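The values are calculated or read from the model by the stated rules, or taken from the named source; none is laboratory data. Everything numeric in this text was worked out from a predicted model, so none of it was measured. Methodologically, a virtual Cβ is constructed for each residue, glycine included, from the backbone with ideal geometry; neighbour enumeration extends over all protein chains shown.
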Amino acid sequence: MDWTDRFAGVRRWSRGGERAAHKPLLLLYALGQFQRQADEPILFSQAEENLARLLAEFGPPRRTTPAYPFHYLTSDGLWTVSTADGGASPGPSPSALRRQEAAGRFTPELARSLRADPGLLPRLARVVLDTNFEPSLHADICAAIGLDLEAAETQAAGEAERRRRDPEFPRLVLMAYEYKCAFCEFDGALDNGSAPGLEAAHVRWWTHGGPNDIDNGLCLCSIHHKLFDKGVLGVTGEQVITVSQHFTARSHAAQHLVYDLSGKRVIRPMRGYPAVAANHAAWHAREVFRAPARTA
Ligand SMILES: [Zn+2]
């Protein structure tokens, strides 16, 4: 049985194409717990607040409860839940999970494999990150969970198992946008020809079927890339930048960097390259952007 395939197979979107981040975030949380305290059971009532925070920060912009993954992950054969009196999971109700002191843990076979192979835990975490989240978010998610992958990865295997991103995509996107942030026009460059503050962003996430096409890419500076992947910034099908009402900036510098973008037009790529496609912009607006947008 290959655990990496099993972890990669945990559904990351629903039938309607909606981003389903619940189970991946619970898996990462459980891996972080396992790294610290091996297979001690995780009490729902103790994990609930942390899981809710993770879902709010890294999940899609929809109201939800950590009780769903806590219960439903049992159907994937990786996770079991039992109550204080030894019963099975009482279902996806937060109050029932609390009342019956439900606790979850990895299945005994998975826990045994994790103990036997110390390289397995970081490999599984990478698989979940790579198949569910844009790379700009990986370090933030690990920090929020307290998952230390670099230390665990010194025996680094598993590199070959990671799905390869197209190494040409960033180069082509930066070139199409003439090495300029499509939101703020930042275009700093080093004298060796590199552009250290610029990155290629996927509009529809690569992990969720987003193609490596120019009309699914944006050249963004590092700060606007991060804010775009976190749903603070968005783009409409009419190529207008949106700013989430959930974001606040206190200093003039931060206000200028973010608020002033609201209602501005996205810089177009050079002639001959397509702008962001409306269907990719719509996916990002639905699955990532934290609506509502500020009025420009
Ligand atoms: Zn920028």
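Data overview
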item: Considering residues of segment 163-192 that are more than 9 Å from the ligand (Cβ to nearest atom) and hydrophobic (A, V, I, L, M, F, W, C) only, the residue surrounded by the fewest Cβ atoms within 10 Å (Cβ to Cβ); result: LEU190
item: Where a residue in segment 56-71 is without any contact (Cβ under 8 Å) to a residue 60 or more places away in the chain and its partner, wherever it lies, is surrounded by fewer than 17 Cβ atoms within 10 Å (Cβ to Cβ) and aliphatic (A, V, I, L, M), with Cβ under 8 Å and at least six apart; result: THR65/ALA52; PRO66/ALA52
item: Hits in segment 31-50 - residues which are surrounded by fewer than 22 Cβ atoms within 10 Å (Cβ to Cβ) and either among the aliphatic types (A, V, I, L, M) or not in a helix (DSSP H, G or I) (or both); result: ALA38, ASP39, GLU40, PRO41, LEU43, ALA47
item: Flag if ALA200 is assigned by TED's automatic domain parsing to the domain that holds LEU261, part of a strand (DSSP E or B) and either within 15 Å of the ligand (Cβ to nearest atom) or not small (Gly, Ala, Ser) (or both); result: yes
item: Segment 250-269 residues that are in the same structural domain as CYS184 (by TED's automatic domain parsing), paired with ones that are among the basic types (Lys, Arg) (beta carbon under 6 Å, 6 or more apart); result: SER262/ARG294
item: Cβ-Cβ under 7 Å pairs, at least 6 apart or on other chains, segment 169-185 side over 18 Å from GLY234 (Cα atoms), far side more than 12 Å from the ligand (Cβ to nearest atom) and of a type in the set (S, T, N, Q); result: PHE169/ASN212
item: Meets criteria (under 15 Å from HIS202 (Cβ atoms) and away from the ligand (no atom under 14 Å from the Cβ)) for ALA282; result: yes
item: Qualifying residue in segment 235-257 (condition: of a type outside the set (Lys, Arg), in contact with an Asp or Glu (Cβ under 8 Å, 6 or more places away or on another chain) and under 30 Å from ARG11 (Cβ atoms)); result: no
item: Single residue of segment 6-38 satisfying the filter (touching a Pro at 6+ places or on another chain (Cβ under 7 Å) and charged (D, E, K, R)) that is nearest to LEU114 (Cα to Cα); result: LYS23
item: Of residues in segment 209-246 being assigned to a helix (DSSP H, G or I) and crowded, with 21+ Cβ neighbours inside 10 Å, the one nearest to the ligand (Cβ to nearest atom); result: HIS224
item: Failed condition for THR207, given (1) modelled with pLDDT of 95 or more; (2) under 27 Å from THR131 (Cβ atoms); (3) not aliphatic (A, V, I, L, M); result: (1)
item: Within segment 82-124, considering residues that are free of Cβ contacts under 8 Å to residues at least 12 places away in the same chain and part of a loop (DSSP other than H, G, I, E, B), the one surrounded by the most Cβ atoms within 10 Å (Cβ to Cβ); result: ASP117
item: In segment 51-64, the residues that are crowded, with 17+ Cβ neighbours inside 10 Å and either part of a helix (DSSP H, G or I) or out of contact with any His (no Cβ under 9 Å at 6 or more places or on another chain) (or both); result: LEU51, LEU54, LEU55, PHE58, PRO60
